[in-house]
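S.K.: I have a structure here, written as structure tokens, and I will follow up with some questions on it.
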Amino acid sequence: MTALIEDHALVGDMHTAALIHHRGSVSWQCLPDFDSPAAFASLVGTPQHGSWDLRPTASDAQVRRRYLPGTLVLETTWTTHNGQARVLDFMPTRTPGCGNPQLIRVVQGVRGLVQMSSRILVRFAYGKVAPRLVRHPHQFGGDRYAALAGPDALYLDSSTPLSKHADGNVEATFCVPTGEYQVLALSWQPSHLPAPPRPDPAAALESTIAFWSDWSARSTYTGPYQEAVSRSLIVLKALTYAPTGGMVAAPTTSLPEEIGGERNWDYRYTWLRDAAIALSVLALTGHVEEAAAWRDWLARAIAGDPATVQIMYSIKGDRDLRESTLPHLPGLEGSQPVRIGNGAAHQPQLDVFGEVLDAFHLAEEAGLAPCDDAFALQSALLTQVEARWHLPDAGIWEMRGPERHFVHSKVMGWVAADRMVRRIEAGRATGPVEKWRKLRDAIHADVCAHGYDQVRNTFTQSYGSAELDASLLLIPLVGFLPSDDKRVIGTIEAIQRELSTGGDGLILRYRTAGTVTGADGLTGDEGAFLACSFWLVEALTMIGRTAEATALFEKLLSLANDVGLLAEEYDCVAHRQLGNFPQAFSHFALVSAALRLASEDQTAARDDVGPFVSFSSPAATEPSRPLGSGTPVARH
């Protein structure tokens with residue numbers, strides 16, 4: 001059976017993560033960190049590239065699953081003709097940078113007698129390296145095998161006997177009567193160190209539930225769609241690398257944007273754009289400490305030279321993300337190549353500066369204490385905008401074709417200047433405010449003169465182009481123009497007409513070229529970009545079409561999988577999710593749209609309630625909400 005992207009659930013410890021198929025297979029896990037080589041890579045390969053199956057032996061087993069409320073503990077309930085059993089999958093939380101990752105799987109008998117089977121095949125280095133298997137007797141019962149290869153060691157502990165097979169699998173078959181349980185736990189450790197102690201599953205489960213429950217309880221969001229918002233915030237927290245504060249765009253690589261196509265990218269890195277917007281959303285919902293950690297990460301990553309700022313870094317702040325392919329992996333449903341690294345790291349993308357400075361602005365409005373060093377960094381970044389805003393760039397979507405004057409990039413350059421001006425006007429800093437006002441006004445005038453098609457009454461993807469781009473939906477969201485401006489309304493309506501996937505109301509980010517190489521430098525097509533559709537929800541709300549916006553939002557919620565997770569895109573023909581999974585960008589766009597709808601419910605004065613910061617712009621006649629999370633993420 002084909003494993004769909006949305007068949008998976010996420011568990012993680014804010015250092016790394018695992019994807020678990022609804023039929024009980026761990027099909028992706030990188031160890032010890034998000035961007036480490038995978039030890040289980042069957043998601044983009046075959047079971048022989050590493051997997052861990054845990055399920056009933058009965059062929060008639062039925063399954064349902066959920067997360068324990070407010071946590072990242074996955075509960076899978078199996079029902080057979082003989083009874084019912086429950087599996088709790090989780091990765092214990094730990095002090096940032098301390099300890100080693102563990103994946104614990106607790107099998108509990110609910111009723112009757114269910115026979116279960118565990119089958120694990122470890123393959124390090126993305127499925128290339130078969131480990132040496134060594135049995136370690138346990139002092140206090142149970143069984144242990146170590147899988148050793150080079151620098152890596154994985155220890156499989158089991159409360160039930162294990163057996164090694166010639167093909168490299170380690171297996172166990174056992175029964176769980178009502179009220180009893182069995183435990184299997186996998187622990188990573190550097191191979192040169194002594195074997196780790198056996199995990200304490202009861203204590204680990206208790207502390208993990210307590211951590212996530214306490215964190216979720218700190219959310220200040222009380223509006224509608226509470227469950228979807230809470231789940232999205234947990235996903236964003238889970239994708240944050242606790243030791244540094246960096247956030248990965250997704251925990252996977254090369255899940256295709258078109259089945260069988262080449263649009264397969266490694267998202268296990270920290271895009272300044274993605275992380276800034278996601279952390280703005282966290283700050284707006286009461287999680288300010290994440291914004292502080294990200295601010296520290298950014299200062300370390302950029303170091304002393306903002307002129308060399310990249311659009312993405314590793315979770316630890318490394319700059320070298322050289323892109324290569326793994327030809328031994330066939331890819332999900334034959335979607336090749338499977339890539340590691342990301343060649344877009346050194347592209348010029350002007351919009352990044354706007355997202356970063358807006359994130360600083362929003363985090364301070366949400367309660368993050370101002371910092372002189374942070375302001376110095378922001379000033380240096382705005383100096384880069386001043387030097388670059390008139391140049392072409394690769395754009396938000398990381399086009400691999402010619403650089404152009406993308407309208408969204410220019411608009412976000414305006415945002416960078418605007419947020420700094422507002423900070424000074426609010427008395428939170430000092431600086432050359434008149435100089436930055438002039439910069440803001442110059443960018444605004446340039447965009448309106450060269451990025452707007454008067455005949456069609458719409459802004460365009462780039463200067464001199466007739467193409468549209470869903471990132472133009474952000475023009476009112478960031479305050480560049482008021483929502484009642486005819487140019488804004490015309491752009492929204494043009495995007496609905498020309499970038500819609502059909503009657504479902506979902507939106508493409510731009511038109512691709514199909515089988516030929518298009519302006520983005522790639523062949524093939526892609527699905528509807530989910531974040532773009534959430535931006536449309538916000539844009540429609542801002543122009544008073546709230547009922548339509550609500551219907552689209554609820555349509556988008558229905559596309560999430562059974563545990564509330566979203567990938568990057570959606571195939572409206574095959575009715576399946578596409579792209580890396582779960583995608584931070586989709587989830588913070590969901591939260592932003594929910595906040596927008598909640599504010600509309602609470603008062604008729606749009607964008608001037610709740611956690612949102614309201615301000616006017618020199619080009620606007622009404623308050624506008626800052627970027628928050630309604631901003632796009634750079635892709636590939």
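S.K.: Applying the selection to the stretch 347-376, what residues are under 23 Å from Leu321 (Cβ atoms) and either surrounded by fewer than 20 Cβ atoms within 10 Å (Cβ to Cβ) or touching a Ser or Thr at 6+ places or on another chain (Cβ under 6 Å) (or both)?
M.R.: Correct list: Pro348, Leu350, Asp351, Glu355, Ala359.
S.K.: Suppose we filter the stretch 307-323 for residues that are in contact with a helix residue (DSSP H, G or I) (Cβ under 6 Å, 6 or more places away or on another chain), crowded, with 16+ Cβ neighbours inside 10 Å and on the phi < 0 side of the Ramachandran plot; how many remain?
M.R.: Selection size over the stretch 307-323: 6.
S.K.: What about Leu326, is it aliphatic (A, V, I, L, M), at pLDDT 90 or above and touching a helix residue (DSSP H, G or I) at 6+ places or on another chain (Cβ under 7 Å)?
M.R.: yes
S.K.: Could I ask something else about it? Out of contact with any His (no Cβ under 7 Å at 6 or more places or on another chain), over 24 Å from Val281 (Cβ atoms) and in a loop (DSSP other than H, G, I, E, B), is that true of Val563?
M.R.: no
S.K.: I'd like to know if the stretch 48-56 contains one or more residues that are surrounded by fewer than 19 Cβ atoms within 10 Å (Cβ to Cβ) and touching a Ser or Thr at 6+ places or on another chain (Cβ under 9 Å).
M.R.: The answer is yes; a qualifying residue exists.
Rundown of residues vs (1) surrounded by 12 or more Cβ atoms within 10 Å (Cβ to Cβ); (2) farther than 30 Å from Thr79 by Cβ; (3) not assigned by TED's automatic domain parsing to the domain that holds Ala594, yes/no style:
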{"position": "Pro131", "(1), (2), (3)": "yes, yes, yes"}
{"position": "Val134", "(1), (2), (3)": "yes, yes, yes"}
{"position": "Pro137", "(1), (2), (3)": "no, yes, yes"}
{"position": "Ala149", "(1), (2), (3)": "yes, yes, yes"}
{"position": "Asp157", "(1), (2), (3)": "yes, no, yes"}
{"position": "Leu162", "(1), (2), (3)": "yes, no, yes"}
{"position": "Asp167", "(1), (2), (3)": "no, yes, yes"}
{"position": "Thr222", "(1), (2), (3)": "no, yes, yes"}
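S.K.: Looking at the stretch 82-112, which of its residues are loosely packed, with under 15 Cβ neighbours inside 10 Å and modelled with pLDDT of 95 or more?
M.R.: The answer is Arg111, and nothing else.
S.K.: Oh, and also: Among the listed residues Arg511, Arg545, Arg596, identify the single one that is free of Cβ contacts under 8 Å to residues at least 40 places away in the same chain and within 21 Å of Gln496 (Cβ to Cβ).
M.R.: Sole residue among the options that is free of Cβ contacts under 8 Å to residues at least 40 places away in the same chain and within 21 Å of Gln496 (Cβ to Cβ): Arg545.
S.K.: Which members of the stretch 221-251 meet the condition of being farther than 21 Å from Ser586 by Cβ and either hydroxyl-bearing (Ser, Thr, Tyr) or without any contact (Cβ under 8 Å) to a residue 12 or more places away in the chain (or both)?
M.R.: Scanning the stretch 221-251 gives Thr222, Thr244.
S.K.: Return the residues of the stretch 194-220 that are surrounded by fewer than 16 Cβ atoms within 10 Å (Cβ to Cβ) and either free of Cβ contacts under 8 Å to residues at least 40 places away in the same chain or part of a helix (DSSP H, G or I) (or both); say none if nothing qualifies.
M.R.: Across the stretch 194-220, the qualifying residues are Pro194, Pro197, Asp200, Ala202, Ala203, Glu206, Ser207, Ala210, Ser213, Asp214, Ala217.
The values are calculated or read from the model by the stated rules, or taken from the named source; none is laboratory data. These numbers come from a predicted model, not from an experiment. Positions of Cβ are backbone-derived with ideal geometry, glycine not excepted, and every protein chain shown enters the neighbour counts.
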